[in-house]
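Here's the structure we're looking at; comments come further down.
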Amino acid sequence: MKGNRKLIEKLNQLLSEELTSINQYMVHSEMCKNWGYEKLHNHFEKRAIDEMKHAEALIGRIIFLEGMPIVNKLSQIKIGNTVPQMLSNDLASEVEANKMYNEVILLAGEVKDFATREMLEKILLDEDKHIDTIEELQDQISQMGIEVFLSTQVS
């Protein structure tokens, strides 16, 4: 099925963001594992897997629309040196992704590609959950203090 050229371009931009997020979350995951924060390691690793599933869905849709997925273009990866920096960087990435998904959902509706819109809406729900989870962790750090919070992340 021949898709709208502009929509395919925007789907590739979303793909770039997802591929960037995968890398960022994986590095954060491995850093936390190295520091002994097994629960945070698992949190970041699960998030990377979620982003991989989003990337896979985007790739599949781009191909279905007879476009070419661009998988070698990444945005700037922002690695935190501390857990609070990691969460702050990840929140900024998720908020940007949320904004982009909303814009592309509108475009998909405008070009009457409702199947793509529905797929994007499902991914957007995941992105909303990611934001909520990061904000929960930030709230815990704020309420407990970083030392107590990190002591809860050791398994």
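Structure notes:
- Selection of the range 27-83 for residues being out of contact with any helix residue (DSSP H, G or I) (no Cβ under 6 Å at 6 or more places or on another chain), small (Gly, Ala, Ser) and closer than 26 Å to residue 137 by Cα yields only 36.
Matching residues to (1) charged (D, E, K, R); (2) in contact (Cβ under 8 Å) with a residue 12 or more places away in the chain; (3) touching a Ser or Thr at 6+ places or on another chain (Cβ under 9 Å):
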{"residue": "102", "(1), (2), (3)": "no, yes, no"}
{"residue": "121", "(1), (2), (3)": "yes, yes, no"}
{"residue": "139", "(1), (2), (3)": "yes, no, no"}
{"residue": "145", "(1), (2), (3)": "no, no, no"}
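- Selection status of residue 10, in contact (Cβ under 8 Å) with a residue 24 or more places away in the chain and on the phi < 0 side of the Ramachandran plot: yes
- Pairs where the first residue, in the range 43-70, is on the phi > 0 side of the Ramachandran plot and the second is surrounded by fewer than 19 Cβ atoms within 10 Å (Cβ to Cβ) and acidic (Asp, Glu), C-beta under 7 Å, 6+ apart: none
The rows are residues; the columns are (1) under 23 Å from residue 132 (Cα atoms); (2) surrounded by fewer than 15 Cβ atoms within 10 Å (Cβ to Cβ).
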{"position": "2", "(1), (2)": "no, yes"}
{"position": "6", "(1), (2)": "no, yes"}
{"position": "39", "(1), (2)": "yes, yes"}
{"position": "48", "(1), (2)": "yes, no"}
{"position": "84", "(1), (2)": "yes, no"}
{"position": "102", "(1), (2)": "yes, yes"}
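Every number in this text was worked out from the coordinates using simple rules, so none of it is lab data. Because the structure is a prediction, the values reported are computed rather than measured. FYI the Cβ positions are ideal-geometry reconstructions off the backbone, even for glycines, and counts take in every protein chain you see.
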